[in-house]
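A quick write-up on the structure given underneath.
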Amino acid sequence: MKKILIIILLLVAAVAGIFWITWNIDPVEEITLETPPLLVGFSLGVYREERWLKDLDLFNEKVKELGAVSVSLMTDEVDVQISQIRNLISQNVKVIVIVPSNFKKLSGVIDEAQEAGIKVIAYDRLILDSDLDLYISFDSVEVGRIQAQALVDRVPSGNYAYIGGSPTDNNAYLLREGSMEVLNDKVESGEIDIVIDEYSTDWDPSVAYENIKNYLESGGELDAVVAANDGTASGVIEALREFDLEGEITVSGQDAELAACRRLVSGEQTVTVYKPIRAIAHKAAELAVKMAKGEEPEVNNNINNGYKDVPAFYIEPIVVSKDTLDETVIEDRFYSREEIYGDN
């Protein structure tokens, strides 16, 4: 009997101990599965010009601010870009933003993205014959008009050269289309003679340099050069310098590169076209994140890419001359006054 009583007392003590332990242990925090990050891919297929890395940095900055994660890859070789886009597809991104290295050769991999349920945005370079969900850019035809009109306003007659962009970039054709809309009436009236009309492979300044140099060496005369961007303008001006013509011939450009803004100050370049990079990069990020969430993007235009009418969002370009640097690129803090003017 005594043994039974001892066993009962031990059982009671054990149960009491269990309850004491239960009530005195700190509660374990509830374990929850964290929501996976919203992934947005950015495939940069060109970075020869200084602006593109700035685009990418600003895009990534805004995506992070919006609470998403940007996965970015870059190359200037189309086969490598195709491989990199496939890499982004494998990472289960929701949207891929693409600056194409070649505007004709990405349709197949874009189909792969669409089959995986991934939205595709072409950024500032249209991709032809492809199932795009959105195109965001500046109106390249309008940029071409602005470039040509700025020169015609200053030099209404004479010998003009057209130095275009890369034949693998659809923007090069759109720019030329816009410029010719302005120039053709003057050509037909005989006021303007287009003495050079050449594209520049890969937007290479050395190609622009050779085209101008060869013409001048042959005894040709120039009054104005519509250069499709600031890179080709730099090649043009280098050739003009060898003939002591820098600052004597009006020259256009595009992108408001720092070197070009300095050339505006020195008088070597007449105008550039400022495309507010912060505006397009941030807007692209906003639209990409919105689409990644399954929401409809904001659009204000459309463009046919040979496959479909692609919804588009266009941002307004701005012509910049020496006289308007303060109210454009400096006011927007694209560059500081010190960066452009130095110690002057």
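Here are a few things to note about the model shown:
- Flag for residue 330 being of a type in the set (A, V, I, L, M) and free of Cβ contacts under 8 Å to residues at least 40 places away in the same chain: yes
- Among the residues of region 321-344, those identified as outside any helix (DSSP H, G or I) and under 19 Å from the mean Cα position of the chain (by Cα) are 332, 333, 334, 335.
- The set of residues in region 272-310 being in contact with a helix residue (DSSP H, G or I) (Cβ under 6 Å, 6 or more places away or on another chain) and either assigned to a loop (DSSP other than H, G, I, E, B) or over 22 Å from residue 171 (Cα atoms) (or both) consists of 297 alone.
- Exactly one residue out of 189, 200 is farther than 17 Å from residue 275 by Cβ, among the hydroxyl-bearing types (Ser, Thr, Tyr), touching a strand residue (DSSP E or B) at 6+ places or on another chain (Cβ under 7 Å) and free of Cβ contacts under 8 Å to residues at least 40 places away in the same chain: that is 200.
- Selection count, region 105-127, where residues are under 20 Å from residue 279 (Cα atoms) and in a strand (DSSP E or B): 4
- Just one of the listed residues (96, 136) is touching a Gly at 6+ places or on another chain (Cβ under 8 Å) and crowded, with 22+ Cβ neighbours inside 10 Å, and it is 96.
- Residue in region 146-157 that is of a type in the set (Gly, Ala, Ser), under 30 Å from residue 42 (Cβ atoms) and surrounded by 24 or more Cβ atoms within 10 Å (Cβ to Cβ) present: no
- Test: residue in region 201-213 that is assigned by TED's automatic domain parsing to the domain that holds residue 253, surrounded by fewer than 21 Cβ atoms within 10 Å (Cβ to Cβ) and not in a helix (DSSP H, G or I): yes
- Screening residue 62 with (1) among the basic types (Lys, Arg); (2) modelled with pLDDT of 85 or more; (3) not assigned by TED's automatic domain parsing to the domain that holds residue 97 gives one miss only, at (3).
- Checking the stated criteria, residue 165 turns out to be under 22 Å from the mean Cα position of the chain (by Cα), within 22 Å of residue 312 (Cβ to Cβ) and in a loop (DSSP other than H, G, I, E, B).
The values are calculated or read from the model by the stated rules, or taken from the named source; none is laboratory data. All values reported here derive from a predicted model rather than from experimental measurement. Methodologically, a virtual Cβ is constructed for each residue, glycine included, from the backbone with ideal geometry; neighbour enumeration extends over all protein chains shown.
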